[in-house]
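Student: The structure follows.
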Amino acid sequence: MPKWSMVIDLEKCVACQACSIACRFENNTPVVSPELAWEGREMRWNDVFPAPHEESGDYPNTKTHYLTRPCMHCENPPCIKVCPVQATFIDEEGLVRQNYARCIGCRYCTVACPYGVRYFNWFAPEFESPLEQHLNPDKIEGRGDLEGPAVRPKGVVEKCTYCVHRLRKAHARAEAEGRDFRPDEYMPACVQTCTGKARFFGDMNDPDSTVSRLAESDRAFRLLEEVGTHPKTIYLQEGK
Amino acid sequence: MLRISKHDREILLDPLFHAGRKFYLMISVLILIMLWGLIMYVRQFVLGLGTTGMERPAYWGMYMVNFIFFIGISHAGTLISAILRVSNAEWRRPITRIAEAITAFALIVGTLQIIFDLGRPDRILYLFRFGRLQSPLLWDAVSVTAYFLGSLTYLYLPIIPDAALLRDNIPEGAPAWRQRLYKLMALGWRGNRTQWLRLEKMIAVMAVLIIPVAVSVHTVISWILATTVQPGWHSTVFGPYFVVGAIFSGIGALFIAMTAARRSFHLEEYITERQYRNLGYIFITMAAIWFYFTYAEHMTQAAGQLTAEFPVLASKLWGEFSFTFWTMVVIMIMAFIVLVFPLLTPDSWQRSRVFRPRFALANGVVSVLAILALLVPQTQGVTADLLSGLPSPTLRIVAGVFGTVAILSILPWLKSHIIDAMIIASGFVLVGMWLERWNIVVPTMTHPRLMPVGLYTPSLTEWSLFAASTALFIFLFVLFFKLIPAVSVWEVREGRVIDETRDSAQMPLPESSRPPGGLQPAFGDNEPTY
């Protein structure tokens, strides 16, 4: 059973936000008006923002450090521990997923997540033309189950899933072709699109995979290690 | 056929069957406010929670504050009344029913806040269908449900004999549905010995059982916050801190409710100054414990200065929450002064011509004006540090001196008007406790670790629903006491018998070890000794 993990090399990241855009189109994240964005209602499953408390240098020669942030897919996720109805859960491959058909919208998970990777649908999502004609048709649907890029109803929480629908598709393809699934067949949209090739994705249980090797680098660190969440999204430090 | 004395009947039972213009006016105003709240809620339900002021990162806001506040109020009742029953405090008799009613209604209104706060209220039953008992929210659902059912039972049990009394003494011309209602509620009560024994046993058992449940309720609410790793919430002191705050605000609500009942039903001879004085002592104790916890909570954060936690504290001490934080501190201190200082005032001050309310008012106005003059330039600055960069030391001295004189000269009035003093203190405490909940929930929300610092301003929807919730609380309270006597008739009657027996008993004075003659006896001659 693979354990999926992502490594982000901050030295290579140019903060172009292509990952954020790729994620938006892959996962049908609703676009909000500038006014609503100003009120803090924008949604970016994969956010790129200046790292807090990380400005260096003296004026005018200051440097801002950017951080790109998908879900950490923690091994000890604070969000799933507080969910009252198991709308968010961690699956056997280590992905922290969100079931839109189950979520009651109490926002306890958004409050509990120290990384702020969870977003709430304050209004019903709207897609202006021509965006509405370019929605990703993929979704994971079952009885009482709605996940992945499926357009969300209002009042539920959503989050980065490491593009879990792509994993499903890769499995289905391997099965159709009558062969075993290989971990390198699957990667999230942000990894695929990354301009600076700063993102790596793979199976942490395989000691020879790229992510396993990079995770052993002395540049490797995890966000907010002090809160004990054990993230599976690992960063490589900048300027070292 | 159960009998009731003419006097009790006139004061306690008859008002239930006459409604004046004031009553209808009050009910209409409350219904209007609730209708407005309903409109705003339907709007929120249709459009989504975006109609509130909540945003990222302030995912929780006023609804959560109100939830904690109303559930806190609910501790007035059952907990206080249960503790007093268990400890056999005789003076509890006339106020237990009001206290227990507060519990039941505050729990209804508090639970409503959670429904307001849900993005998908239509899925509320998933809590039972798919409930995960590992989630603190489920602990809360279980605990609040247990408390609500327990409180309803505990409220209902002492009503049974009174319902039977009403059934047998219902005035001519009362509507038939009320006759049926009392008959149903009386459960065939005839007042025989077996029934009394069973009832007393049930009440005693419930009183003991309800205490741990009540403590668990607000502990679990605090754990909703404390089990997360968010800065400012992850604290072990939260459980007892919340429980103490809940009882504190609950007593405040109880004072206001019992005074309202006392004035509107003319219960002056039932609810006397004795109840105010004794409950006031519990109030003072709670105030002291509350100050202790508040200090402990903030002092550890200030001393630790952790990178994520300290900004939360700083925002309260001199940042954007300094207004709500210092208002809370100041009015809680004012409440403490109003409660404690009159006890320390010498009687001779009441004869003084200087220490009069008018004089105090004049001094207070001067002091407040001086404080306002001090605060005005502060609003332009980035930070609001109260102690540095103030324009004039004279103004500070004026504010201090006149403020002190105002407080000193109001004391004799407070001492002689204990009921008014308690109402003032309760008002302070209720506002202060609401602000305390606000200062706990919102600053942590707007100072997360990895997100930009946010701002949270409640929208009209949230204010409307707050007003409507308060209106609903008062509405339920008013309607309930139009159906059931505000004072437990049988308990008061029982208390009277106990008092009379005590008065007629001759308690021998303790023998004096002093030499006979010359010295006064150690105890007064006429005072009954309990």
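The values are calculated or read from the model by the stated rules, or taken from the named source; none is laboratory data. Model, not experiment: these values are computed from the prediction. Here the Cβ is made from the backbone with ideal geometry for all residues, glycine too, and neighbour counts use every protein chain on show. Keep in mind that these areas ignore ligands, DNA and RNA; they rest on the heavy atoms of the full protein, side chains included. Shrake-Rupley method; radii C 1.70, N 1.55, O 1.52, S 1.80 Å.
Student: How big is region A:1-82 along each principal axis, measuring the range of its Cα positions in Å and listing the largest first?
Tutor: Reported extents, whole Å, longest axis first: 49, 35, 27.
Student: Moving to a separate point now. Pairs A:K169/A:K232; A:K63/B:K316; A:K12/A:K169; A:K159/A:K232: which are spaced more than 19 Å apart, C-alpha to C-alpha?
Tutor: Going by Cα-Cα distance, A:K169/A:K232; A:K63/B:K316; A:K12/A:K169 fall outside the 19 Å limit.
Student: Please give the residues from region B:130-151 for which the solvent-accessible area of heavy atoms, probe 1.4 Å, is smaller by at least 50 Å² with all protein chains in place than with the chain isolated.
Tutor: At a threshold of 50 Å² (probe 1.4 Å), the residues of region B:130-151 that become less exposed are B:F130, B:R132, B:L137.
Student: Return the inverse of the average 1/r over all pairs of distinct C-alpha atoms in chain B, which is the Kirkwood hydrodynamic radius, in Å to one decimal.
Tutor: One decimal place: 25.9 Å for the Kirkwood radius.
Student: Let me ask you something else. Calculate I(q)/I(0) for region B:228-377 by the Debye formula, one identical point scatterer on each C-alpha and no solvent, and give its log10 at q = 0.19, 0.20 Å⁻¹ to two decimals.
Tutor: Ignoring solvent entirely, the Cα scatterers give -1.27, -1.30.
Student: Hey, could you get me the Stokes-Einstein D for region B:119-203, Kirkwood radius over alpha-carbon pairs, 10 °C and 1.306 mPa s, rounded to whole µm² s⁻¹?
Tutor: Rounded, D is 99 µm²/s.
Student: Can you tell me which of A:170-179, A:196-205, A:94-103 comes out highest on packing, and rank the rest after it, using the mean Cβ neighbours within 10 Å?
Tutor: A:94-103, A:196-205, A:170-179
Student: Under a cut-off of 20 Å between alpha-carbon atoms, report the lysines in cross-link reach of B:K482, not counting same-chain residues fewer than 8 places apart.
Tutor: B:K6, B:K22, B:K183
Student: Counting only protein heavy atoms, what percent of the accessible surface of region B:1-125 is carbon or sulfur at a 1.4 Å probe?
Tutor: Exposed carbon and sulfur together represent 70 percent of the surface.
Student: Regarding region B:200-317, what are the three Cα extents along the principal axes, ordered largest first, in Å?
Tutor: Per principal axis, max minus min of the Cα coordinates gives 58, 33, 21 Å.
Student: For region B:54-66, in order, what is each residue's ³J(HN,Hα) by Karplus, 6.51 cos²θ - 1.76 cosθ + 1.60 with θ = phi - 60°, in whole Hz (x at glycine and Pro)?
Tutor: 6, 7, 7, x, 7, 6, 10, x, 5, 4, 5, 4, 5
Student: So, for region A:4-236, what is the accessible surface per residue at a probe of 1.4 Å, expressed in square angstrom?
Tutor: Averaged over the residues of region A:4-236, the accessible area is 45 Å².
Student: So if I average 1/r over every pair of distinct C-alpha atoms in region A:4-236 and take the inverse, what Kirkwood radius in Å does that give?
Tutor: Its Kirkwood hydrodynamic radius stands at 18.6 Å.
Student: Turning to a different aspect of this structure: In the neighborhood of B:N192, defined by Cβ-to-Cβ distances under 15 Å, what is the net charge if each Lys or Arg adds +1 and each Asp or Glu adds -1?
Tutor: Net charge in that neighbourhood comes out at +3.
Student: I'd like the mean, over residues of A:109-121, of how many other protein chain beta carbons sit within 10 Å of each residue's own Cβ.
Tutor: Mean partner shielding for this stretch: 6.
Student: With contacts defined as alpha carbon pairs under 8 Å and 6 or more residues apart, what's the relative contact order of chain B in percent?
Tutor: Relative contact order, chain B: 28 percent.
Student: Looking at the P(r) of region B:404-510, how many percent of alpha-carbon pairs lie beyond 17 Å?
Tutor: 79
Student: So what are region A:160-240's ellipsoid semi-axes, whole angstrom, largest first, if each one is the square root of 5 times an eigenvalue of the alpha-carbon gyration tensor?
Tutor: 27, 13, 13
Student: Run the accessible area of region A:4-236 with a 1.4 Å probe and give the carbon-and-sulfur part as a rounded percent.
Tutor: 49
Student: Taking 20 Å² as the minimum loss, tell me which residues in region A:12-49 lose that much accessible area going from the chain by itself to the full protein complex (1.4 Å probe).
Tutor: Flagged in region A:12-49: A:E39, A:G40, A:R41, A:F49.
Student: Right, next: Amide H to amide H under 5 Å from A:M6: which residues, 5+ apart in sequence or cross-chain, H placed 1.01 Å off N in plane?
Tutor: Residues meeting the criterion, in which the H sits 1.01 Å from N, are A:T233, A:I234.
Student: Quick one: compute the contact order of region A:4-236, relative version, from alpha carbon pairs under 8 angstrom and 6+ residues apart, as a percent.
Tutor: 29
Student: Residue by residue through A:145-158, how many Cβ atoms from other chains fall within 10 Å of the Cβ on average?
Tutor: Mean shielding by partner chains, rounded to a whole number: 2.
Student: Using a 1.4 angstrom probe, figure out how much accessible area chain B has per residue, in square angstrom, rounded to the nearest whole.
Tutor: 48
Student: Subtracting the Cα-Cα distance from 0.36 nm times the residue separation, let me have the gained length for B:E494 to B:V46 in nm, one decimal.
Tutor: 155.9 nm
Student: Can you give the longest run of chain B that contains no trypsin sites (Lys or Arg not before Pro) sitting in a DSSP loop with at most 13 other Cβ atoms inside 10 Å?
Tutor: The longest uninterrupted stretch comes out as B:4-189.
Student: Along its three principal axes, how long is the protein assembly as shown when you only count alpha carbons? Whole Å, largest extent first please.
Tutor: For the protein assembly as shown, the Cα spread along each principal axis is 105, 70, 56 Å.
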